[in-house]
Amino acid sequence: MLFLFLICHDDTLDAPESMGPDSLAWVQEVERRGARLAGGRAEPPGRATIVRVRDGERIVRPGPRTSEPEYVAGFDVLEFDTEEEAIEAAAVHPMAVHGTIEVRPIRPDDDPVQSGSG
């Protein structure tokens with residue numbers, strides 16, 4: 001199963017601004033296990049651009065999308081046999097202590113798209 005990890009930084013907590021040795025060790029471990037397919041760090045929210053199309057009109061404005069202190073600072077796409085394995089991997093990610101790791105299963109291409117939370 002594929003999973004998207006959204007690595008969220010919280011400006012209200014004492015969290016490192018850059019990927020420290022603990023995060024690098026986590027990345028190396030999941031890569032060693034063959035679980036990490038892609039990943040990277042995002043630029044800060046101030047570098048975001050918001051794009052919408054409403055009634056056929058393209059609307060582009062500077063970001064960020066929200067003014068909340070927590071924001072997506074990076075992502076990983078990982079493959080595990082079970083959701084429990086994904087949760088275990090997220091729980092030992094160093095940013096789980098300094099922020100939030102949001103774990104989302106990625107739907108297979110042949111899974112019908114559903115609206116809402118489904």
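Every number here is computed from the coordinates shown, using simple stated rules; none is lab data. Given the structure is predicted, the values throughout are model-derived calculations rather than measurements. Don't worry about glycine lacking a Cβ; one is built from the backbone with ideal geometry, like all the others, and counts go over all protein chains shown.
So here's what we get for this one:
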quantity: Most mobile listed residue (VAL30, VAL53, VAL72) in the chain, GNM with C-alpha springs under 10 Å; calculated: VAL53
quantity: Using θ = phi - 60° and Karplus 6.51 cos²θ - 1.76 cosθ + 1.60, couplings along region 55-69 (whole Hz; Gly, Pro as x); calculated: 6, x, 9, 7, 10, 10, 9, x, x, x, 5, 9, 9, 5, x
quantity: Summed residue charge, Cβ within 10 Å of PHE5's Cβ, Lys/Arg positive, Asp/Glu negative; calculated: 0
quantity: Mean residue ellipticity (222 nm) of the chain, computed from DSSP H runs ≥ 4 via -39,500 (n - 2.57), nearest 500; calculated: -6000 deg cm²/dmol
quantity: HN-Hα J in Hz across region 92-106 - Karplus 6.51, -1.76, 1.60, θ = phi - 60°, x for Gly and Pro; calculated: 9, 5, x, 6, 5, 7, 9, x, 9, 10, 8, 9, 10, x, 9
quantity: From the coordinates shown, Kirkwood radius over Cα pairs in Å corresponds to which of (1) 15.6; (2) 16.0; (3) 20.1; calculated: (2)
quantity: Prolate/oblate/rounded call for region 1-67, Cα gyration tensor, a/c under 1.5 rounded; calculated: oblate
